[in-house]
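Below is one structure, written out as structure tokens, with a few remarks after it.
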Amino acid sequence: MGSRGDAIVEADWCVGELIKTLETEGLLENTLIIFSSDNGPVLNDGYYDDAVEKLGGHTPAGPLRGGKYSLFEAGTRVPFMTYWKGKIEPAVSDAIVSHLDLFSSLSALVDSKTRVPDSQDFLDVIMGKSQQGREELVLEATSKTALRKGDWAMIPPYKGPAKQMQLNIELGNSKEFQLYNLKEDIGQQNNLADSEPEKLQEMIKTFESLRGIESQKIEQLELK
């Protein structure tokens, strides 16, 4: 992966150095470490570092569809790891949380009553004590929004190109509603909007209650 592969190795080294320093200073057992990302993968969005040429057989998005700037899962689903020596047991969680939830969760950690609008307290999820995260979550990419609810994802109709050609990334724009069962179709290849009309209407109703009925009228941003 060229320079980007080097950056991943360096990030891994930096985390290791942080942990060693905390341990040396006697702070490791009193420190919650959270490691995450702000968006899905992209290879060439202005940084000409041979990432495409040196990619080899690696698939940054894995089985997911889309990438950075996309409303598909590869654009909105990101790595999220927590570590606290002696307090968090190693495990994998399927609980859905948002970065917004860190505000209320960390507030609860320090016994503060302060809460932030749209932020929920999922401290037990972060600490590995619960698998119960959000039931529903508004997703966002380039100012456009979609809905994740349980195992289902719904993308409303949006104007604009279906793919950002320079980046070779599907953006999620379509003239029609898109509905996917992520438990059975993690790659979002089978649009169930026509075959599951009741589920679609349920998702639309939830989306409109959270986001507002005018949320589809969003100007297309130019990707640079």
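Just so you know, all these numbers are worked out from the coordinates, no wet-lab data involved. As the structure is a computational prediction, the values presented were derived from the model and not from experiment. Every residue, glycine among them, receives a Cβ derived from its backbone with ideal geometry; neighbour counts consider all protein chains shown.
Structure values in brief
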item: Helix 2-24 vs. the chain, principal-axis angle (Cα, 0 to 90°, nearest 10); result: 40 degrees
item: Positive-end residue of 91, 106, 8, charge dipole of the chain with Cβ unit charges; result: 106
item: Projected label distance in nm at residue 25 and residue 52, using a 7 Å step from Cα toward the beta-carbon; result: 4.3 nm
item: Integer Hz, Karplus 6.51/-1.76/1.60 couplings in order for the range 181-194, x for Gly and Pro; result: 9, 6, 5, 9, 9, 5, x, 6, 9, 10, 6, 9, 4, 7
item: Proximal aspartates and glutamates relative to residue 68, as straight alpha-carbon distance under 12 Å, when same-chain residues fewer than 8 apart are discounted; result: 38, 45, 140, 170
item: Part-to-part distance (alpha-carbon centres) for the range 176-211 and the range 64-104, which is given in Å; result: 21 Å
item: Cβ charges +1 (Lys, Arg) and -1 (Asp, Glu), total dipole of the range 83-137, debye; result: 280 debye
item: Residue 87 paired with residue 114, simple spin-label distance in nm, labels 7 Å along Cα-to-beta-carbon; result: 1.8 nm
item: Label zone at residue 7, where the point sits 7 Å out along the Cα-to-Cβ direction: the range 79-100 residues whose backbone N lies under 16 Å; result: 79
item: Length released on extending from residue 168 to residue 35, taking residue separation times 0.36 nm less the Cα-Cα span; result: 45.1 nm
item: The chain, relative contact order [Cα under 8 Å, separation at least 6], %; result: 17 percent
item: If the convex hull is drawn through the Cα atoms of the range 1-122, its volume per residue in Å³; result: 149 Å³
item: Listed peptides 191-200, 12-21, 140-149 by packing density, highest first (mean Cβ within 10 Å); result: 140-149, 191-200, 12-21
item: Expected 222 nm ellipticity per residue - DSSP helices of 4 or more, -39500 (n - 2.57), all of the chain, to 500; result: -7500 deg cm²/dmol
item: Spin-label pair residue 17/residue 199, simplified geometry with 7 Å Cα→Cβ offset, distance in nm; result: 4.8 nm
item: The chain - Rg (one decimal) and Dmax (whole number), Cα, Å; result: 19.4, 59
